[in-house]
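The values are calculated or read from the model by the stated rules, or taken from the named source; none is laboratory data. Keep in mind it's a predicted model, so treat the numbers as computed, not measured. No Cβ is skipped: glycine too gets one built from the backbone with ideal geometry, and neighbour counts run over all protein chains shown. Calculation scope for accessible area: heavy atoms of the full protein, side chains included, ligands and nucleic acids excluded. Shrake-Rupley method; radii C 1.70, N 1.55, O 1.52, S 1.80 Å.
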Amino acid sequence: MRAFVFPGQGSQKVGMGAELADASATARAVFEEVDDALSQNLSTIMRDGPEEELTLTANAQPAIMANAIATLRVLEEDFDVALSSVGDCVAGHSLGEYTALCAVGAFSLGDTACLLKLRGKAMQAAVPVGVGAMCALLGADVEKALALAGAAAEGEVCELANDNDPTQVVLSGHVGAIERAVGLVKEHGIKRGIPLPVSAPFHCSLMQPAADAMAEALAETSPESMALPIYANVTASKVEDPSEEQRLLVEQVTGRVRWRESVLAMRADGVEQFVEMGGKVLGPMIGRIDREAAVTSVITMADIEALAQELS
């Protein structure tokens, strides 16, 4: 069994998608469709920057999605390899869950871009700049991270945002609580605490205004039937019902990204190969979660061609 997985925020970089666009009319069409849907030259920002503009949450989220979908469409249309015939399931990390849903036909490309633009804006607006923060804990498991979060909170929000792999957990919340958490890592047997350069405290209860905004948006643009099942971030389990996925996408804004558990669930259900489209972020995580899993990261035209030959 094979899972196709899609990266989240942090995987963006200036120049992303440029090689694909230069080499393939299929990729260019994806970037043009996203530009049209957003009434914005996002593809120019992706290609030329500036980096600080690409890194803005409202730009980074649709950009990462567009790059991954362009990679997938080149595989499907230029190399005649259909996702539904070579894949068994999909998953995505945070915003990557929307990319995965686009990949299996639950959302159109234009709708996915608009939803992610709104999601990025709503997440940025939910908490004033300087009020929230996030930190990565290296050498921490969930149990240690939860204990640290409890000790650092002191009446403020300090929650487990991402369970990425056995070596990396991310906390999110009020800036004071996150700073205390970083200062307390050694006492909790954790190797290091690293403040993250983020503009908002994602995946914690401070994001409730953004969750409300997404509930409204998803009521108007709800997912349709999926060609393949998806493993949802907040439950780390397989979902086939679009209405259930709609509810989980709202919960995802404030909920924990259970990536480590999602990978283990896919493995338990028989997935042997993971193919990461448009990035090389999830692949290394998957390798740390399960060394026996086969992982392929697909970014360049050469990568796509090699994958097409492997799958044909």
### Task
Would you be able to say whether some residue in region 16-34 is touching a helix residue (DSSP H, G or I) at 6+ places or on another chain (Cβ under 8 Å), on the phi > 0 side of the Ramachandran plot and not in a helix (DSSP H, G or I)?
yes
### Message
Whether any residue in region 299-308 is more than 16 Å from F6 (Cα to Cα) and in a loop (DSSP other than H, G, I, E, B) is what I want to check.
### Response
no
### Query
Of the residues M226, M214, M266, which is closer than 25 Å to L160 by Cα and either out of contact with any helix residue (DSSP H, G or I) (no Cβ under 6 Å at 6 or more places or on another chain) or not aliphatic (A, V, I, L, M) (or both)?
M266
### Query
Residue check: is A227 touching a residue at least 24 places away in the same chain (Cβ under 8 Å), within 16 Å of the chain's Cα centre (by Cα) and not in a helix (DSSP H, G or I)?
no
### Query
Just a yes or no: is a residue in region 273-296 open to solvent by 20 Å² or more (accessible area, probe 1.4 Å), free of Cβ contacts under 8 Å to residues at least 40 places away in the same chain, closer than 19 Å to L83 by Cα and assigned to a helix (DSSP H, G or I)?
no
### Query
Would you say T44 is in contact (Cβ under 8 Å) with a residue 40 or more places away in the chain, of a type in the set (S, T, Y), surrounded by fewer than 24 Cβ atoms within 10 Å (Cβ to Cβ) and part of a helix (DSSP H, G or I)?
no
### Query
If you go through region 212-228, how many residues are under 12 Å from R247 (Cα atoms) and among the hydroxyl-bearing types (S, T, Y)?
1
